[in-house]
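Following: one structure in structure tokens, then a few remarks.
The values are calculated or read from the model by the stated rules, or taken from the named source; none is laboratory data. Because the structure is predicted, anything quoted here is derived from the model rather than measured. When we count neighbours, we look across all protein chains shown, and the Cβ atoms used for this are built from the backbone with ideal geometry, even at glycine. Just the protein is used for accessible areas: all its heavy atoms, side chains included, with ligands, DNA and RNA removed. Shrake-Rupley method; radii C 1.70, N 1.55, O 1.52, S 1.80 Å.
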Amino acid sequence: MAPVVTRTVRSSNPDALVPLRALAAALGLSSSSSSDGGGGALAFSSEPLPSRDAAAAAAAAAISVEMEIRIRNPFDSASRTSNVRGLAGVARAMCRAVPEAGMWGEDGAEGAASVEGWVETASTELTGAAFGDRAKEPQFKSLAENFGSTVDRHLSKSKSPFLVGTSATAADVVGAILLAIAAQRTGAVVGGKKSAEWCGAILGNGAVKGAIGDGVKAPGQGGKGGGDDGKKAAPVAAAPSPAAAAPAAAGDAVDLSSNPLVQKLDSLGIPHRTYSHVACMSADDLVSNVAVPGGETHTKNVLFKDKKHGMFLVTTRTDADVNTKELGKALGLKGKTNLRLAAEDLLMEKLGCKKGCVGPLAIVNNSDKDVKLVMDEGLYAAAKIHSHPMTNDASTVLEPSDLKKYFAEVGVEPEVLPFPTKKGGDDKAKWAGKAPASRPQEAKKEKG
């Protein structure tokens with residue numbers, strides 16, 4: 001007798017389960033309205049998932065998703081329970097329940113990583129626009145348009161009509177549904193031909209359509225995001241879109257006029273240039289894949305959270321050594337410090353960015369003024385600084401003086417610190433040698 005496995009999926013906003021319901025239908029997973037089903041039963045609960053963080057619960061983009069997996073041993077009736085959190089995590093668990101479907105990638109670890117990357121990107125970039133209370137705010141419209149443009153550029157370069165491999169995966173199902181709903185709610189213009197055809201094909205699949213109904217329309221097929229009242233999807237010429245042009249090589253300017261950070265720089269009259277490149281999730285990816293002229297630099301950006309001392313957006317050179325213990329001392333934080341990486345939902349809530357898309361320009365989105373910006377002194381010595389404008393397939397280039405002007409114009413006064421580099425050497429001593437004015441300088445003491 002096989003173990004009895006039941007899976008129950010819940011969300012802080014039950015409407016956000018729509019893409020997972022469609023994925024379950026595509027996988028052929030049996031579903032029910034309760035968790036008392038048979039061997040491989042999957043249930044979607046209509047009861048909202050309680051939030052563990054009251055502040056996150058109030059954020060438009062903070063949509064929590066969780067799957068409870070309960071396995072009952074048939075010999076002694078003992079049960080054990082585990083939980084999978086996050087839309088991408090739940091989607092992965094569902095696909096692994098039916099591995100023969102190949103919905104989590106058919107090319108081994110590389111294919112699975114690509115699928116997970118797309119699902120994670122769609123989740124963090126579009127759930128706020130698709131299901132949040134602040135969907136009409138401009139940054140959510142821009143996020144939806146940027147995601148549609150990224151899909152269009154990817155498909156334009158690929159020989160496949162799908163995001164990963166030669167057949168549809170969870171990346172296609174989750175991404176297309178979230179994009180369609182986000183476009184409908186925000187009025188985002190998703191005008192690329194490839195992305196419109198892709199979205200229409202996924203939403204037109206019998207299993208998917210049976211799960212989501214007729215209310216979700218592909219952009220340009222009756223939804224607001226392209227709105228040509230049911231006519232065949234076609235590129236929208238109302239405004240230039242990165243999706244309508246061939247991908248620019250690294251260093252070539254690209255039109256991201258709808259990007260809120262680009263718009264902010266324009267409104268302030270600050271000189272800048274934005275170019276497209278391959279999507280990079282980390283500073284190491286940027287260094288490896290996007291070359292910059294000598295004397296110029298990409299940035300590494302991390303949001304830290306400390307229960308006692310608050311939040312810190314730390315922006316450094318890519319080779320900087322960010323030691324949280326020494327950082328706490330350099331910031332003059334009193335008492336016990338425990339700087340930890342902030343969760344992805346906090347990135348979206350406080351900076352309007354998904355993981356891998358954070359840059360110093362995003363500090364303007366911190367309307368609560370509860371994130372302290374910490375800048376690497378070494379960045380200001382560079383000829384030019386390259387950073388993401390809330391999307392990881394583009395970078396905005398500024399001279400240090402113009403970046404300082406931007407901070408002044410948006411009312412942000414960064415803490416500037418001399419971060420040492422990973423190479424070591426004499427600059428390792430700078431942490432102790434240059435303390436903030438609020439803390440007397442003292443040499444580093446060895447533990448006794």
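With Cα atoms defining each centre, segment 358-385 and segment 133-206 are spaced 30 Å apart in the structure. Sequentially through segment 260-272, phi angles give Karplus couplings (6.51, -1.76, 1.60; θ = phi - 60°) of x, 6, 5, 4, 5, 4, 4, 5, 8, x, 8, x, 6 Hz, Gly and Pro residues having no value and appearing as x.
Only Cα pairs under 8 Å and 6+ residues apart enter the sum, and on that basis the relative contact order of segment 310-415 stands at 28 percent.
In this structure, the amide hydrogen of Lys372, modeled 1.01 Å from its nitrogen in the peptide plane, lies closer than 5 angstrom to those of Met311, Phe312, Leu313, counting only residues at least 5 positions away or on a different chain.
The slack in the chain from Asn73 to Asp368, taken as 0.36 nm per residue of separation less the alpha-carbon distance, amounts to 101.2 nm.
Distances between placed amide hydrogens fall under 5 Å for Val416 paired with Met375, all partners being 5 or more residues away or on another chain.
Does segment 258-358 classify as rounded, prolate or oblate by the C-alpha gyration tensor (a ≥ b ≥ c root eigenvalues; a/c under 1.5 gives rounded; else a/b over b/c gives prolate, otherwise oblate)? Here segment 258-358 falls in the prolate category.
Of the listed residues Lys325, Lys136, the order by accessible area with a 1.4 Å probe, largest first, is Lys136, Lys325. Note that segment 327-373 presents 42 Å² accessible area per residue, ligands and nucleic acids not counted, probe 1.4 Å. Note on surface exposure: Ser156, Ser267, Ser45 rank Ser267, Ser156, Ser45 by accessible area, highest first, 1.4 Å probe. Counting heavy atoms of the protein chains alone, Ser288 has an accessible area of about 90 Å² for a 1.4 Å probe.
The 3J(HN,Hα) values that the Karplus relation (6.51, -1.76, 1.60; θ = phi - 60°) gives for segment 310-317 are, in residue order, x, 10, 9, 8, 9, 10, 9, 5 Hz. Gly and Pro appear as x. Each label was represented as a point 7 Å from its Cα along the Cα-to-Cβ direction; for Ala291 and Val98 these points are 4.7 nm apart.
Residues of segment 389-417 with an amide N closer than 12 Å to a point placed 7 Å from the Cα of Arg273 along the Cα-to-Cβ direction: 396-399. Computed over protein heavy atoms with a 1.4 angstrom probe, the accessible surface ordering of His309, His388, largest first, is His309, His388. The calculated FRET efficiency for the pair Asp214 and Gln263, based on their C-beta separation and a Förster distance of 45 Å, comes to about 0.80.
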